[in-house]
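The values are calculated or read from the model by the stated rules, or taken from the named source; none is laboratory data. It should be emphasised that the depicted structure is a prediction, and the values quoted were computed from it without experimental measurement. Note that we place each Cβ from the backbone using ideal geometry, even for glycine, and neighbour counts take in every protein chain shown.
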Amino acid sequence: MKILHLSFSARGEHSESLALSRKVVSHLLAARTGASASITERMLGMEPLPHIDTHYSLVQHSAADPTQQGGSMARSDEAIAQLAQADVVVIGTPMHNLSVPSALKAWLDHVVRARHTFTMTAQGKVGTLRDRPVLIAIASGGRFSGEQARQPDFLTPYLRELLKTIGLRDLHFFSVEGTGARPEAVATARAAAELSLQRFFETFRLPA
């Protein structure tokens with residue numbers, strides 16, 4: 001099993017989303033007892049991908065790919081290859097301004113790419129990647145779900161739609177919400193997230 005673990009927090013080791021996503025990876029490894037597993041971890045919040053450049057933008061609007069790759073196109077090739085090779089994808093991300101952080105948006109711009117991860121048809125875009133589990137760990141300063149929600153959520157519906165565009169539909173979300181609250185409230189939120197993970201992995205089945 002190949003696990004691709006992507007973290008998009010600029011807080012590095014102090015990140016709540018990184019801590020939660022690493023718990024997801026630990027549960028995956030525990031569920032894969034007796035079988036080999038490899039983990040590729042990329043701290044893209046600390047070392048984000050560059051934004052797409054002019055060359056990339058022009059290619060996306062052309063009828064065919066260029067014979068020479070350069071600039072951000074090479075980074076896009078690398079990100080798509082890592083994604084295509086993974087059996088399970090784990091994403092750790094904060095919620096920034098009610099949606100995805102810029103580092104995650106940059107990664108999405110690189111992997112949602114015409115003629116590589118989706119094709120255009122008369123019915124719209126069709127994803128070309130093999131579907132696989134995508135486990136997404138979110139940390140937010142406020143609450144965006146449940147009865148205590150105090151802010152809208154543009155992050156989860158955006159990820160559902162965009163990842164579906166490239167063929168990834170098996171998405172599962174976990175969250176630590178209200179990290180801007182009192183320490184005891186944050187501890188409660190962490191415990192709730194851990195319980196959610198435990199319940200999920202009681203029935204989750206890894207790809208064969």
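Key figures
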quantity	calculated
In segment 70-128, the residues that are hydroxyl-bearing (Ser, Thr, Tyr) and over 15 Å from Leu155 (Cα atoms)	Ser72, Ser76, Thr117, Thr119, Thr121, Thr128
Yes/no for Arg150 being exposed (fewer than 15 other Cβ atoms within 10 Å of the Cβ) and part of a loop (DSSP other than H, G, I, E, B)	yes
Residue match in segment 56-69 (condition: of a type in the set (Phe, Trp, Tyr), modelled with pLDDT under 90 and out of contact with any Leu (no Cβ under 6 Å at 6 or more places or on another chain))	yes
Cβ-Cβ under 6 Å pairs, at least 6 apart or on other chains, segment 147-169 side among the basic types (Lys, Arg), far side in a loop (DSSP other than H, G, I, E, B)	Arg150/Gly142; Arg150/Arg143; Arg169/Asp131
Condition check for Thr119: assigned to a strand (DSSP E or B) and over 19 Å from Leu20 (Cβ atoms)	yes
Residue count, segment 150-189 (criterion: in contact with an Asp or Glu (Cβ under 8 Å, 6 or more places away or on another chain) and modelled with pLDDT of 95 or more)	5
Pair list, Cβ < 8 Å and 6+ apart or interchain, from segment 77-104 residues that are touching a residue at least 24 places away in the same chain (Cβ under 8 Å) and under 20 Å from Gly12 (Cα atoms) to residues that are of a type in the set (Lys, Arg) and outside any helix (DSSP H, G or I)	Val89/Arg132; Pro94/Arg11
The lone exception for Arg22 - which of (1) surrounded by fewer than 14 Cβ atoms within 10 Å (Cβ to Cβ); (2) part of a helix (DSSP H, G or I); (3) modelled with pLDDT of 85 or more it fails	(1)
Test: residue in segment 105-113 that is assigned to a loop (DSSP other than H, G, I, E, B) and surrounded by fewer than 18 Cβ atoms within 10 Å (Cβ to Cβ)	no
Answer residue from segment 171-193, given it is of a type in the set (D, E, K, R) and surrounded by 15 or more Cβ atoms within 10 Å (Cβ to Cβ) and is farthest from the chain's Cα centre (by Cα) among those	Arg190
Residue tally, condition free of Cβ contacts under 8 Å to residues at least 40 places away in the same chain, surrounded by 12 or more Cβ atoms within 10 Å (Cβ to Cβ) and of a type in the set (S, T, N, Q), over segment 123-146	2
Breaking point among (1) surrounded by 17 or more Cβ atoms within 10 Å (Cβ to Cβ); (2) under 30 Å from Thr117 (Cβ atoms); (3) polar (S, T, N, Q), for Ser196	(1)
